[in-house]
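Notes for the one structure printed next.
Nothing in this text is a laboratory measurement; each read-out follows from the coordinates by a stated rule. These numbers come from a predicted model, not from an experiment. Note that we place each Cβ from the backbone using ideal geometry, even for glycine, and neighbour counts take in every protein chain shown.
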Amino acid sequence: MAELDLTPYLTILRSTPHRIGAIHSALKGSEFLTYRVEPDTFSFIDIMAHLIHGEVDDWIPRIQLILGQDPSANDPPTFVPFDRFAGDRLIVENTIVELVDLFFVRRNQSMETLVNFGLEEHHLEWKGIHPSLGEVTLQWLLNTWVEHDLSHLNQINRVISTKFSDVGPWKEYLRILKE
């Protein structure tokens, strides 16, 4: 069987902690780290906690579940539901600097585990059952992991941009203010 080239996944997933770290360094001590556009939206620190929680309870455990199945059986395993807000306890227990450091550690562990799975091309079609979305493939899960990172990086930028959204007539040229 052909080994899966993880380079496209690893390139993005390994870069996220560095990008988050750079944003944190630039904004350290500012209100941007805890600022929420609306009370029920994520701030930078909320996103950090959410990403860390995902490293522990979402991506790798779901991949392990898919890989642990008998592919000849027509009974894909069901994922444990993911609580998107369970990371909130991390905010209480850690400083923002500790969260950034913890994300680096957890993501590095996840990348090492992902590489050590020895994934092959045929694994991409293996399936699991998402509690609310139904049947999903390993390929969709891996792609979603990348998109999830990119979405939260974009979200951080959108939150920051709202503080500077009074741009007069230039708004029509600034797509970030239209999202």
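Things to note:
- Which label in (1) -0.25, -1.06; (2) -0.30, -1.01; (3) -0.54, -0.97 gives the computed log10 I(q)/I(0) by the Debye sum over Cα atoms at q = 0.08, 0.16 Å⁻¹: (2)
- Cleavage-rule hits, trypsin sites (Lys or Arg not before Pro), segment 1-74, DSSP coil, Cβ neighbours within 10 Å at most 12: 28
- Sorted ascending by nearby beta carbons within 10 Å, beginning with the fewest, 122, 24 become 122, 24.
- Inter-probe distance in nm under a simple model that places probes 7 Å from Cα toward Cβ, at residue 73 and residue 97: 4.9 nm
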